[in-house]
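Asker: Here it is, the structure in full.
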Amino acid sequence: MTRNILIALLIGTVYCFAIFALWPGLDLGVASLFYKSGQFIGRGEAGEHFRRIFYDAPFFLLGALLLAAIAKWTGRAERGPSGRAIAFLLVTLALGPGLLVNGVLKEVSHRPRPEQTQDFGGPWRFQPYDSFAGQCRRNCSFVSGEAATAAWTLAPALLVPPQGRPLAVVAALLFTLATGGLRMAFGGHYFSDVTFAALFTFIIVLGFYCWYRRGEKLKD
């Protein structure tokens with residue numbers, strides 16, 4: 001089933017590549033929904049508060065799982081993540097939000113953020129996701145690092161015991177949706193930025209989850 005979902009995600013990503021390339025105005029249309037009275041609606045004390053929570057939550061979750069694993073390894077607890085599970089979590093976080101998103105795409109895309117474009121009061125011209133010809137020089141709009149980190153929470157959700165796993169996966173998806181929506185409300189990212197951030201991260205997580213499950217089956 002995991003492989004089927006992974007294949008579906010790959011196909012969906014190809015479709016998204018085509019949709020956003022053929023209709024780049026879709027990004028501007030969605031961004032305009034969050035832009036009212038000369039500013040993006042997410043700006044403000046409440047928005048900053050929730051952004052901080054959303055930003056920190058995945059790292060607190062990872063820290064809690066690392067502590068649980070250490071407690072198990074040192075004999076202070078009977079249950080906790082295995083070494084393979086911790087490797088799965090760390091590798092997917094490092095390769096997805098870490099290397100691919102923040103290390104590569106955000107540094108080479110040159111795409112200005114919505115708040116930096118002339119359509120929303122900024123100095124630079126709008127660039128579609130596939131242009132790579134914008135004026136941004138570092139930490140650019142494509143893709144969203146925070147949306148990618150939120151999407152990574154799918155990894156710990158997949159480690160939840162089977163009876164609670166569907167609820168955990170739904171929670172991870174909703175958290176990703178909320179984080180992406182907040183970043184758009186801030187004027188920090190376009191719809192395509194958060195969409196591809198989530199898709200790329202989900203693909204990496206599910207790909208390595210297949211590796212993780214093979215190892216678990218061999219132990220059984």
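The values are calculated or read from the model by the stated rules, or taken from the named source; none is laboratory data. Remember, predicted model here, so these are calculated numbers, not experimental data. As a convention, Cβ positions derive from the backbone with ideal geometry for all residues, glycine included, and neighbour counts pool all protein chains shown. Ligands, DNA and RNA are excluded from the accessible area calculation, which covers all protein heavy atoms including side chains. Shrake-Rupley method; radii C 1.70, N 1.55, O 1.52, S 1.80 Å.
Asker: Of LYS72, LYS106, which residue is closer than 25 Å to THR179 by Cα and part of a helix (DSSP H, G or I)?
Answerer: Numbers: LYS72 fails: closer than 25 Å to THR179 by Cα.
Of the residues listed, the single one that is closer than 25 Å to THR179 by Cα and part of a helix (DSSP H, G or I) is LYS106.
Per-residue answers, yes or no, for (1) under 30 Å from ILE41 (Cβ atoms); (2) acidic (Asp, Glu); (3) touching a Lys or Arg at 6+ places or on another chain (Cβ under 7 Å); (4) at pLDDT below 95:
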site	(1), (2), (3), (4)
GLY80	no, no, yes, yes
ARG111	yes, no, no, no
GLN118	yes, no, yes, no
CYS140	yes, no, yes, no
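Asker: So which of ARG84, ARG137, ARG113 ends up being within 18 Å of MET184 (Cβ to Cβ), in contact (Cβ under 8 Å) with a residue 24 or more places away in the chain and not acidic (Asp, Glu)?
Answerer: Values: ARG84 fails: within 18 Å of MET184 (Cβ to Cβ); ARG137 fails: within 18 Å of MET184 (Cβ to Cβ).
Just a single option satisfies the conditions, and that option is ARG113.
Asker: Of everything in segment 89-101, what is more than 19 Å from PHE60 (Cβ to Cβ) and open to solvent by 10 Å² or more (accessible area, probe 1.4 Å)? Give them in sequence order. Before the answer, list the steps.
Answerer: Of all residues in segment 89-101, those more than 19 Å from PHE60 (Cβ to Cβ) come to 91, 95, 99-101.
Listed by number, the residues that qualify are VAL91, LEU95, LEU99, LEU100.
Asker: Quick check: is even one residue across segment 70-88 open to solvent by 60 Å² or more (accessible area, probe 1.4 Å), farther than 22 Å from ALA198 by Cα and under 23 Å from the mean Cα position of the chain (by Cα)? So that I can check it myself, show each step before the final result.
Answerer: As a first pass, look at segment 70-88 and keep what is open to solvent by 60 Å² or more (accessible area, probe 1.4 Å): 70, 72-76, 78-79, 84.
If we keep only those that are farther than 22 Å from ALA198 by Cα too, we end up with 70, 72-76, 78-79, 84.
Still in the running and under 23 Å from the mean Cα position of the chain (by Cα): 84.
Yes: one or more hits.
Asker: Kindly provide the set of residues from segment 99-146 that are among the basic types (Lys, Arg), within 19 Å of the chain's Cα centre (by Cα) and under 25 Å from LYS36 (Cα atoms), ordered by number.
Answerer: Within segment 99-146, ARG111, ARG113 meet the criteria.
Asker: When you go through GLY25, GLY44 one by one, which is the residue that is loosely packed, with under 15 Cβ neighbours inside 10 Å and modelled with pLDDT under 95?
Answerer: Details: GLY25 fails: modelled with pLDDT under 95.
Residue meeting the stated conditions: GLY44.
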